[in-house]
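Trainee: One structure is given below, represented as structure tokens, and several questions about it will come after.
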Amino acid sequence: MAAVEAEGAGVDTADQEDDIIKLINMHKWYGQFHVLKNINLFVRPGERIVICGPSGSGKSTLIRCINRLEEHQQGEIIVNGVELTNDLKNIDAIRREVGMVFQHFNLFPHLTVLQNLTLGPIWVRQVPKREAEETAMQYLERVKIPEQAAKYPGQLSGGQQQRVAIARSLCMNPKIMLFDEPTSALDPEMIKEVLDVMVGLAETGMTMLCVTHEMGFAKTVANRVIFMDMGEIIEENDPFEFFDNPQSDRTKLFLSQILHH
Amino acid sequence: MTDTTATPSATSGGQTYEPGTHPDLPSPVRTEGPIFWIQKNLLSSPLNVVLTVLGGLLIFFTIPPFLDWAIFDAAFTGESRKDCEAVASGACWAFIDERLHLFVYGFYPVDERWRVNLSFLLLAIALYFVLYDGAPYRKYGLWYAVAFPFIAGWLLVGDGAIVKSVTTDQFGGIMLTLVIGVTGIAFSLPLGILLALGRYSNLPAVKLLCVCFIEAIRGVPLITLLFVASTMLNYFLPPGTQFDLVLRVLIMVTLFSSAYIAEVIRGGLQAIPKGQFEAGDSLGLKYWSSMRLVVLPQALKISIPGIVNTFIGLFKDTTLVIVIGLLDPLGIGRASLADIKWGGLAEEMYVFIAIFFFICCFSMSRYSLYLEKKLHTGHKR
Ligand SMILES: Nc1ncnc2c1ncn2[C@@H]1O[C@H](COP(=O)(O)OP(=O)(O)O)[C@@H](O)[C@H]1O
Ligand SMILES: [Mg+2]
């Protein structure tokens, strides 16, 4: 698969009936600024997609549109069979199925690690407290920090905080996980511990959309790499092909920049 | 040390160590002990020495004379000013002692004063549950605290059936101060939170309403609002409505301080990073859950100093009710000065009232510091 076809080259949605995420001819503007242009993206359940591209190309905006942290103005976004519209019920339904991990963790500083993890299950899913805590401890074990349950986020290292953030999303039992540069605020020695958790998560068959420039991660885990520039999807390919044999000039330029720093 | 070669590092306290084997040594600089404290805080520079001496003189010339007047040369018993002057040259506390019931209960009927005492007790219990988070059965205690203003209101005013009615023009003194202060504090906090959320919200109509309310109230002196309460409100109410003066004052004081509280809390809301709202949203929390569980706990924590500052202001502003004819302790005190028997013991009266207000306000201030420390979870970054 080479560079994505031009606008209007009709996308056959009938074939993609069971895709878990569908972005069809989607556009977004910030005021007058056209930040996402004719995005078409189809994700199959269990698929793992890495999104990369230069800073300001719209990667964050794209994944934030998927759980309506940002609103799109044109085209369709269908997640898990529900279309994202202004209907609050749909937004709610989608947010229940989509977990999100942020670059700066965004843990709740006034709550302990355990309370961070149980907040969603208790107040959104109405899980009894005891049960929510048991689940939370299981996930803390999975991200390998059960001993930190009683601490506050401010007392943890960056890598530990990001693992807590991943566990917090997982506690909601989502079908899809979105990652927005989960390792780029971390010191180098902490990146691996977070990536390990994400690789482990990929092995469970979770559908993952991940904005990252970690090439090793992309090659181990991703089914597809998507390259964005200036609000458009420029190239979409298998990870090995993408890094070893980029098609467009912009991709080549971008790769030469991230590889030579 | 810029030395990067593998030579043994230079002397530390006359000792040499191989690279990588240097132990932790105690600092040669003194950092504790009373002598260090005096040096650091009182004598660290010539200016500091001068200020220390001046401060010492100020204390020497004010505190002992005051203590002499207030305690050592004071008279605590007596029937009149003459009795006091016969035995002591200092303060005549017998005056305050004789009038204490007036200062505390105002003109509340003598036979019914147990109701005031009982409300004081109930208030203490409510404060215990609200302020002390280790209290047993705190959850129920907090519900009780929410109900307290209404219970106390019923107890103090009466219903004419179970307890006798007492008209509010008999309220006065410390009891009146507490009625206004506690009601103002208890109701202005939730109202202030709602106003702040309204002003911070995305809904234009709600926002406009809150902005107008806050700015209108903040733009007018409290005294003016109290006059409005005592006179003009009649024009706005349907003719013939009987609307208690103290109740009107309570409403005005509450509205007044809620506008300030709202602005303080809005400052706190603005300090919450966008990421916190987004994390709440992405977990699927609805607006009110997100506010209650994620945003407000953090915003209120930041706002504690400002909120308590507003409460202290409110508490002291209760003395303004004197202008519409209600007699708070200050009003009672001034009325007492006219008593020929005691003949103008103004100092004693003002010092007594100052001490009462100081104790209340200083406690609030200390509690706010304690709360800030307790809520600090080490996340400053
Ligand atoms: N809330 C916003 N309002 C206006 N412009 C924005 C906003 N958020 C992002 N942008 C702009 O949109 C572009 C894409 O941003 P973003 O999606 O964060 O890029 P990326 O994540 O690829 O670095 C950037 O030029 C950025 O300045
Ligand atoms: Mg980004």
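The values are calculated or read from the model by the stated rules, or taken from the named source; none is laboratory data. In this text the structure is predicted, and so the values were computed from the model without any measurement. Glycine gets a Cβ as well: all are built from the backbone with ideal geometry, and neighbour counts include every protein chain shown. SASA here: full protein model, heavy atoms, side chains in, ligands and nucleic acids out. Shrake-Rupley method; radii C 1.70, N 1.55, O 1.52, S 1.80 Å.
Trainee: Above 32 angstrom, tally the Cα pairs of chain B and express them as a % of all pairs, no decimals. Present the calculation step by step, with values, prior to reporting the outcome.
Mentor: Values: 39408 of 72390 pairs.
Within chain B, distances greater than 32 Å cover 54 percent of Cα pairs.
Trainee: Using only atoms on other chains, find how many Cβ atoms lie within 10 Å of each Cβ of peptide B:284-296 and report the average.
Mentor: 4
Trainee: Using a 1.4 angstrom probe on the protein heavy atoms only, line up B:Trp37, A:Trp29 by accessible area, largest first.
Mentor: On the way: B:Trp37 140, A:Trp29 70 Å².
Putting B:Trp37, A:Trp29 in descending order of accessible area: B:Trp37, A:Trp29.
Trainee: Give me the accessible area buried between chains B and A, both sides summed, with a 1.4 Å probe, in Å² rounded to the nearest 100.
Mentor: It comes to approximately 2000 Å² buried between B and A.
Trainee: Please work out how much length the chain gains when fully extended from B:Val29 to B:Asp73, using 0.36 nm per residue of separation minus the C-alpha to C-alpha distance, in nm with one decimal. Could you put the intermediate results ahead of the total?
Mentor: On the way: separation 44, 0.36 × 44 = 15.84 nm, distance 4.84 nm.
Taking B:Val29 through B:Asp73 to full extension adds about 11.0 nm, to one decimal.
Trainee: Quantify, in whole percent, the carbon and sulfur part of the accessible surface of chain A (1.4 Å probe; protein heavy atoms only).
Mentor: Carbon with sulfur: 48 percent of the solvent-accessible area.
Trainee: Under 13 Å from the Cβ of B:Phe95, count the other residues' Cβ atoms, weight Lys and Arg +1, Asp and Glu -1, and hand me the total. Could the numbers behind the result be given before it?
Mentor: Working: positive: B:Arg81, B:Lys82, B:Arg99, B:Lys341; negative: B:Glu79, B:Asp83, B:Glu85, B:Asp97, B:Glu98, B:Asp339, B:Glu347, B:Glu348.
With Lys, Arg at +1 and Asp, Glu at -1, the net is -4.
Trainee: Right, something else. Report the residue, chosen from B:Gly275, B:Gly173, B:Gly141, that carries the largest GNM mean-square fluctuation when chain B is represented by alpha-carbon nodes joined by springs under 10 Å.
Mentor: Top of the fluctuation ranking is B:Gly275.
Trainee: Here's another thing I want to ask about it. Among the residues of segment A:70-110, which ones have their accessible area go down by 30 Å² or more when all the protein chains sit together, as opposed to their chain alone (1.4 Å probe)?
Mentor: Residues shielded by partner chains are A:Asp92, A:Arg95, A:Phe102, A:Asn106, A:Phe108, A:Pro109, A:His110.
Trainee: Return the subset of A:Lys22/A:Lys175; A:Lys129/B:Lys139; B:Lys139/B:Lys316; A:Lys22/A:Lys89; B:Lys40/B:Lys301; B:Lys207/B:Lys373 for which the Cα-Cα distance in this structure is over 26 Å, preserving the input order.
Mentor: Listed pairs above 26 Å: B:Lys139/B:Lys316; B:Lys40/B:Lys301; B:Lys207/B:Lys373.
Trainee: Grab the other residues whose beta carbon is less than 11 angstrom from that of A:Leu170, score K and R as +1, D and E as -1, and report the net.
Mentor: Here the charged neighbours net out to +3.
Trainee: Then there's this: Go ahead and set up a Gaussian network model of chain B, Cα springs under 10 Å, then flag whichever of B:Leu42, B:Leu293, B:Leu320 fluctuates most.
Mentor: Fluctuation is largest for B:Leu42.
Trainee: Another one. Ignoring ligands, DNA and RNA, what accessible area per residue does segment B:335-381 give at 1.4 Å, in Å²?
Mentor: 63
Trainee: Please list, in chain and number order, the residues 5+ apart from A:Met228 or on another chain whose amide H is under 5 Å from its amide H, with Hs placed from the backbone.
Mentor: A:Cys52, A:Gly53, A:Ile234
Trainee: Pick from B:Leu209, B:Leu25, B:Leu156: which is most flexible by mean-square fluctuation in a GNM of chain B where alpha carbon atoms under 10 Å apart are linked?
Mentor: B:Leu25
Trainee: Still on this structure: How many angstrom lie between the Cα centre of segment B:308-337 and the Cα centre of segment A:36-102?
Mentor: 59
Trainee: Can I ask one more? In nm, give the distance between the simple-model label positions of B:Leu247 and B:Asn41, each being 7 Å from the Cα along the Cα-to-Cβ direction.
Mentor: 5.3
Trainee: Kindly give Rg over Rh for chain A, based on alpha-carbon atoms, with the Kirkwood expression for the hydrodynamic radius.
Mentor: When Rh is taken as the Kirkwood radius, the ratio is 0.97.
Trainee: I need the calculated FRET efficiency for the pair A:Lys252 and A:Met137, taking r as the beta carbon distance and R₀ as 41 Å, to the nearest 0.05.
Mentor: Efficiency computed from Cβ-Cβ geometry: 0.30.
Trainee: Sort A:213-221, B:43-51 by packing, meaning the average of other beta carbons within 10 Å per residue, with the highest value first.
Mentor: Result, highest mean first: A:213-221, B:43-51.
Trainee: Something else about it: Under 29 Å between alpha carbons, and skipping anything fewer than 8 positions from B:Lys341 in its own chain: which lysines qualify?
Mentor: Leaving aside lysines fewer than 8 places away in the same chain, those within reach of B:Lys341 are B:Lys82.
Trainee: State the percentage of accessible surface on chain B attributable to carbon and sulfur atoms; use a 1.4 Å probe and exclude ligands, DNA and RNA. Walk me through the numbers before you get to the answer.
Mentor: Details: 15000 of 21870 Å².
After summing per-atom areas, the C and S share lands at 69 percent.
Trainee: Would you mind working out the accessible area per residue for segment B:158-232, using a 1.4 Å probe, and quoting it in Å²?
Mentor: Roughly 47 Å² per residue, with all protein chains present.
Trainee: Determine the per residue accessible area of chain A with all protein chains present and a 1.4 angstrom probe, expressed in square angstrom.
Mentor: Numbers: 11560 Å² over 261 residues.
Accessible area per residue, chain A: 44 Å².
Trainee: Which of the cysteines found in chain B have nothing to pair with, since no other Cys Cβ lies under 4.7 Å from theirs?
Mentor: B:Cys210, B:Cys212, B:Cys360, B:Cys361
Trainee: Additional query: What net charge is computed for the residues neighbouring B:Glu85, neighbours being all others with C-beta under 14 Å from the C-beta of B:Glu85, Lys and Arg scored +1, Asp and Glu -1?
Mentor: Surrounding charge for B:Glu85 is -2.
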